[in-house]
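First up is the structure itself, then whatever we jot down about it.
The values are calculated or read from the model by the stated rules, or taken from the named source; none is laboratory data. Not measured: the values here are computed from a predicted model. Positions of Cβ are backbone-derived with ideal geometry, glycine not excepted, and every protein chain shown enters the neighbour counts.
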Protein chains: 2
Amino acid sequence: MSKDKQFVREITPQSEDFSKWYLDVIKKADLMSYSPVRGCIVFKPDSYEIWELMQRELDARFKETGHRNAYFPLFIPESFFQKEKEHVEGFNPELPWVTEAGGEKLEERLAIRPTSETMIGHMYSEWINSYRDLPLLINQWANVVRWEKRTQPFLRTSEFLWQEGHTAHEDEADARRETMQMLEVYREFVENIMAIPVIMGQKTPSEKFAGAVDTFSIEAMMKDGKAVQAGTSHYMGTNFAVAFDIKYLDRQNTHTYAHTTSWGVSTRLIGAMIMVHGDDRGLVIPPKIAPTQVVMIPIGPPKTREQVIARTDELFAELKKAGIRAKVDDRPDQSPGWKFNEYEMRGIPIRVELGPRDMENGQVVLVSRISGEKKIVAQENFVQEVQQLLEAIHQEMFEKAKRFRDENFTDVDTLDEMKEFLDKQRGFILAGWCGSEACEAQVKEETGATSRNIPFEPAKEKDTCLVCGEKAKHTVVFGRAY
Amino acid sequence: MSKDKQFVREITPQSEDFSKWYLDVIKKADLMSYSPVRGCIVFKPDSYEIWELMQRELDARFKETGHRNAYFPLFIPESFFQKEKEHVEGFNPELPWVTEAGGEKLEERLAIRPTSETMIGHMYSEWINSYRDLPLLINQWANVVRWEKRTQPFLRTSEFLWQEGHTAHEDEADARRETMQMLEVYREFVENIMAIPVIMGQKTPSEKFAGAVDTFSIEAMMKDGKAVQAGTSHYMGTNFAVAFDIKYLDRQNTHTYAHTTSWGVSTRLIGAMIMVHGDDRGLVIPPKIAPTQVVMIPIGPPKTREQVIARTDELFAELKKAGIRAKVDDRPDQSPGWKFNEYEMRGIPIRVELGPRDMENGQVVLVSRISGEKKIVAQENFVQEVQQLLEAIHQEMFEKAKRFRDENFTDVDTLDEMKEFLDKQRGFILAGWCGSEACEAQVKEETGATSRNIPFEPAKEKDTCLVCGEKAKHTVVFGRAY
């Protein structure tokens, strides 16, 4: 091993500089490259494969809940944005515009989609005629572009990958049921698959999606105490239906506007996963979305090498047969120690070590990435032990992240208390809010924290507004956010 | 059933107007909608699901052959196109340009990718340093845009979906081996999964990819005798490596240019599938990519209805358990006859009918979409019979398409013979070619047919050029193309 390589693997400690830690980790784990286009990254195979596994899980859930995938155009005519006033105001500053194509100047500029409510609204107005066409439940996997001023790999990139669900319903009740159902799908996915605990709640009016009646979100806490909005689900009311004329003949034979929803999660979840689970040794990938769940490393002197590798390959075959994503690293030119570090840095959930003594004893060593604990298990129970440990690691990751969040979560009565807390540490703050935009804005101005959401199940209810001291209308989670 | 619906299901016969038949079928089978953006279509769920099944099959093959997926930016800086002369000439006329973003005019225009050789070439030059980094085997699933003058749903749309493989190798031999391997992957997929027979061969220099040394293709014949290029695989030599400086330190410690390849298939294959297999009753979807492989229709009078539906549901559960994609249509407000027509039009490979007499006899009726033949089978062998029939339908579709192609394939000695053939019928023409661009151009000018490829296994070798009569260098397949 060259000294260069040793150096390359060094990672800035989280406590020293969390942002630098993040950039070190993603570069060193080979997750991405900066591209020559401002704010756009290349999703390298090791991150793209995580996205593929996330897609597989999400897609199955969307289909189970009755949705089908479709694909709509990348380009959106400028006039479409003008149709929904809040929507255009929200997205206009971030749009890239195609003005020339095929050697000619276009008569109407085309935006690259930042989201597809307008295009899909237009198509739905063609497709929906009768209540029999409803509910219309469609999802799209796509790239979208938002020309952001400040970008950060995965968390905020000019182009990113996502899914956007768009549904149309007969009435408010059904549309709201859908909005909540998909929020719950996201919670269940992010918690049970990505091992990230989230807070479900409603966005305040100033933080809701441009054009929505109500926006709901799941919010996660990173290891620096900052928030990432991990997923959103919007009830649009009839805003887009009116703008795009999505009308249907209802059961009473009357032309009625449909109620619509939209909901999405994106590749920013990869960034959240890194920041929630990673540590000073590198990535820690949740087992259920780890491209490689188990890395197997044969060890020991040259004379037993061939025998040990042969047995490793047999055990590898058992894992593969059981559907566990494993790989063997039997490269002779790297030491076991180097490999241990390497795969810890890459966040592989389980390392399996097998040496001559393990061979003699019919055992094998499993090492958990999250706890570092070694467990010696009988080879005959190998697959079962690995399955159990993968499950245990998922659970431990979730609990650990939840503990961290709870430890960095406080509640305050006043803005001064909140400032005091944020001076000492980072984290989330629960506080009462009177409902006025002015008070919300003052919190942001004085602390840099924004309202994350109005949680459905706050740890406690707060009675008075932290800013004006008036009676609180809501209990809100505040936090600085990515 | 309303008369409107009856009318809507009418399809122009293929023999009357093939283009109109095509447009009728895709509209009536609800595969797509025209979008408000010129040349862009919406892939509705019934076509997108076919694409998803195609993706699953292809992706598995790419991974089996050692490739991994990644994702590169949509935008390509203008200067990148200037680096490979042939490439810029080939694609410049078709590019849409982003000139403004985030409220500002861009310093350098950004093209929307028509293909990603340039962007990926740029990134590979960063990633590849040593022979140890080779071969680099990456695939991307993405949307691409080519601002075409004339478009046709699925076959040629301004935006389309595809995969593009991009690989880098130590030397020509390895890159050529890859080029051929992926062409064979395409052939195997298109023939064994889509039931479309293809002709493998090499493109003539005038028809090769802009920037390639050699382009290879698989070519399929539609039911109107025209050709669709179903997939291509390119050996780039060091053209892109030189343009983007993809150099590596080889085993002799010398800086050497890598040899690269690229290969792709797209959603145009959906159009080919429709035009190869469809008939006057509508779509015929190959079983292996049919979103619904079996539709089950309970029939008979109201008094036995409940019982028949219950048994249908049981049989449905058996299919589902066996991994067969089935659905039951037990809607009481549509007649069995209407349903039979509807699902024939939609191209579902197998229709299952179950009525009271079938119940009594412990049997069930299977109807093949491709032959229309009815087969009465014992309910106890139901799943196995369905599996066998799906396989038989695939085989029959392939054989039928192959027979059609062979019947519309001739060989000629002179351009006059070729014109005579094309006056009478449409189809492919095998002819000798001296290798001169002038002769190739003359064929195109006088017949509208282009060289499809130089087949690896021509039915016969032709000795003289059909235009100039000189000694033939190659035997070429000519045809009019989409």
Inset, instruction - State whether the residues of segment B:395-403 include one that is touching a residue at least 60 places away in the same chain (Cβ under 8 Å), over 25 Å from residue B:347 (Cα atoms) and touching a strand residue (DSSP E or B) at 6+ places or on another chain (Cβ under 9 Å). - result: no
Legend entry - Count - residues of segment A:32-74 that are more than 7 Å from chain B (Cβ to nearest Cβ), crowded, with 22+ Cβ neighbours inside 10 Å, at negative phi and out of contact with any helix residue (DSSP H, G or I) (no Cβ under 8 Å at 6 or more places or on another chain): 2
Legend entry - Answer residue from segment A:96-115, given it is in contact with a helix residue (DSSP H, G or I) (Cβ under 8 Å, 6 or more places away or on another chain) and modelled with pLDDT under 95 and is nearest to residue B:143 (Cα to Cα) among those: A:102
Legend entry - Single match in A:326, A:322, A:317 (criterion: under 23 Å from residue A:49 (Cα atoms), surrounded by 15 or more Cβ atoms within 10 Å (Cβ to Cβ) and small (Gly, Ala, Ser)): A:326
Legend entry - Residue ID - nearest to residue B:119 (Cα to Cα), chosen from residues in segment B:144-160 that are surrounded by fewer than 19 Cβ atoms within 10 Å (Cβ to Cβ) and in contact with a strand residue (DSSP E or B) (Cβ under 8 Å, 6 or more places away or on another chain): B:148
Inset, instruction - Name the one entry in B:392, B:472, B:449 that is without any contact (Cβ under 8 Å) to a residue 40 or more places away in the chain and over 23 Å from residue B:231 (Cα atoms). - result: B:392
Legend entry - Number of the condition not met by residue B:442 [criteria: (1) outside any helix (DSSP H, G or I); (2) surrounded by 14 or more Cβ atoms within 10 Å (Cβ to Cβ); (3) out of contact with any strand residue (DSSP E or B) (no Cβ under 6 Å at 6 or more places or on another chain)]: (1)
Inset, instruction - Say whether the condition of being in contact with a Gly (Cβ under 7 Å, 6 or more places away or on another chain), buried (at least 23 other Cβ atoms within 10 Å of the Cβ) and not assigned by TED's automatic domain parsing to the domain that holds residue A:18 is met by at least one residue in segment A:347-360. - result: yes
Legend entry - Any chance residue A:330 is touching a residue at least 24 places away in the same chain (Cβ under 8 Å) and under 15 Å from residue A:29 (Cα atoms): no
Inset, instruction - Go through (1) within 12 Å of chain A (Cβ to nearest Cβ); (2) crowded, with 21+ Cβ neighbours inside 10 Å; (3) touching a residue at least 12 places away in the same chain (Cβ under 8 Å); (4) outside any strand (DSSP E or B) and name the single condition residue B:140 misses. - result: (4)
Legend entry - Residue satisfying all of: in segment B:92-106; touching a Pro at 6+ places or on another chain (Cβ under 8 Å) and within 16 Å of residue B:158 (Cα to Cα); nearest to the other protein chains (Cβ to nearest Cβ) among these: B:98
Legend entry - Residue under evaluation residue A:106, criteria (1) crowded, with 23+ Cβ neighbours inside 10 Å; (2) aliphatic (A, V, I, L, M); (3) more than 28 Å from residue A:60 (Cα to Cα), criterion not met: (1)
Legend entry - First in segment B:347-364 and closer than 11 Å to residue B:298 by Cα, second anywhere and in a loop (DSSP other than H, G, I, E, B) and at pLDDT 95 or above, Cβ under 6 Å, 6 or more apart: B:353/B:299; B:355/B:299
Legend entry - Meets criteria (within 18 Å of residue B:449 (Cβ to Cβ) and modelled with pLDDT of 95 or more) for residue B:200: no
Legend entry - Members of segment A:352-374 found to be out of contact with any helix residue (DSSP H, G or I) (no Cβ under 7 Å at 6 or more places or on another chain) and closer than 30 Å to residue A:273 by Cβ, listed by number: A:352, A:353, A:367, A:372, A:373, A:374
Inset, instruction - State yes or no: is residue B:418 out of contact with any Gly (no Cβ under 8 Å at 6 or more places or on another chain), within 30 Å of residue B:351 (Cα to Cα) and not assigned by TED's automatic domain parsing to the domain that holds residue B:318? - result: no
Inset, instruction - State whether one or more residues within segment A:75-91 are at the interface with chain B (Cβ under 7 Å from one of its Cβ atoms) and over 23 Å from residue A:169 (Cβ atoms). - result: yes
Legend entry - Residue selected from segment B:108-131 under the condition farther than 30 Å from residue B:481 by Cα and more than 10 Å from chain A (Cβ to nearest Cβ), by the criterion nearest to the chain's Cα centre (by Cα): B:121
Legend entry - All positions within segment A:79-96 that are surrounded by fewer than 16 Cβ atoms within 10 Å (Cβ to Cβ), in contact (Cβ under 8 Å) with a residue 24 or more places away in the chain and charged (D, E, K, R): A:86, A:89
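Mind telling me which of the residues B:92, B:69 ends up being within 20 Å of residue A:161 (Cα to Cα) and among the polar types (S, T, N, Q)?
Every option except B:69 fails the conditions.
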Inset, instruction - Filter segment B:160-181 for residues that are farther than 25 Å from residue B:230 by Cβ and without any contact (Cβ under 8 Å) to a residue 40 or more places away in the chain and give the result. - result: B:173
Inset, instruction - Determine, yes or no, whether residue A:164 is assigned to a helix (DSSP H, G or I), modelled with pLDDT of 95 or more, closer than 25 Å to residue A:213 by Cα and in the same structural domain as residue A:66 (by TED's automatic domain parsing). - result: no
Inset, instruction - Within segment A:452-469, track down each residue that is buried (at least 19 other Cβ atoms within 10 Å of the Cβ) and without any contact (Cβ under 8 Å) to a residue 40 or more places away in the chain. - result: A:465
Legend entry - From the options B:150, B:156, residue that is on the phi < 0 side of the Ramachandran plot and at pLDDT below 95: B:150
Inset, instruction - Go through segment A:144-156 residue by residue and tally those that are farther than 26 Å from residue A:181 by Cβ and at the interface with another protein chain (Cβ under 10 Å from one of its Cβ atoms). - result: 5
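Residues are listed down the side, and each one gets a yes or a no for (1) under 22 Å from residue B:227 (Cα atoms); (2) not in a loop (DSSP other than H, G, I, E, B):
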{"position": "B:376", "(1), (2)": "no, yes"}
{"position": "B:383", "(1), (2)": "no, yes"}
{"position": "B:397", "(1), (2)": "yes, yes"}
{"position": "B:460", "(1), (2)": "yes, no"}
Legend entry - All strands (runs of 3 or more DSSP E) inside segment A:233-312 with 1 or more residues being in the same structural domain as residue A:163 (by TED's automatic domain parsing) and under 28 Å from residue A:481 (Cα atoms): A:259-266
